[in-house]
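Notes for the one structure printed next.
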Amino acid sequence: MSMILKEHPQIGVIGYGSWATALVSVITGNGHRINWHIRNQEVLESVNKDNVNSKYLSDVELDGSLITVSDNINEVVSESDILIMAMPSAYLGNFLSGLTVSLSINSLSLQSKA
């Protein structure tokens, strides 16, 4: 059995550094909505208020109308069909330590292709 994504999947990005910011910029630049988990309060506030990541890639203006920012990783994971982990692998466990919802592939976003 093969799987296909629904037509307009919700994309989630976990991380707030240069790599995450660049990915969010490219994805929203192509008109896709993003659920973005940012655990750094300074960065979260600058993205919400000024549509920039004040700490990383501060020259990149983001489209705030396509970004939902949250410091709650469970909220971002629950609301997303596709997750992009955008942090150094050494910090993955630390970023995911508060995760209580499943990362299971058995999501409603996938449809079975007969």
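Every number in this text was worked out from the coordinates using simple rules, so none of it is lab data. Everything numeric here is computed off the predicted structure, so don't read it as measured data. Reconstructed Cβ throughout: ideal geometry from the backbone, glycine too, with neighbour counts over all protein chains shown.
Peptide packing: for 87-95, 17-25, the average count of neighbouring Cβ atoms within 10 Å per residue gives the ranking 17-25, 87-95, highest mean first.
Here the Kirkwood formula puts the hydrodynamic radius of the stretch 14-96 at 12.6 Å, using every distinct Cα pair. Here's the picture: a label point sits 7 Å out from the Cα of SER97 along the beta-carbon direction, and within the stretch 24-41 the residues with their amide nitrogen under 19 Å of it are 37-41. For the chain, the longest principal axis of the alpha carbon atoms and the long axis of helix 41-50 meet at an angle near 90°. Only the Cβ atoms of Lys and Arg (+1) and of Asp and Glu (-1) were treated as charged; on that basis the dipole of the stretch 14-96 about its Cα centre amounts to roughly 160 debye.
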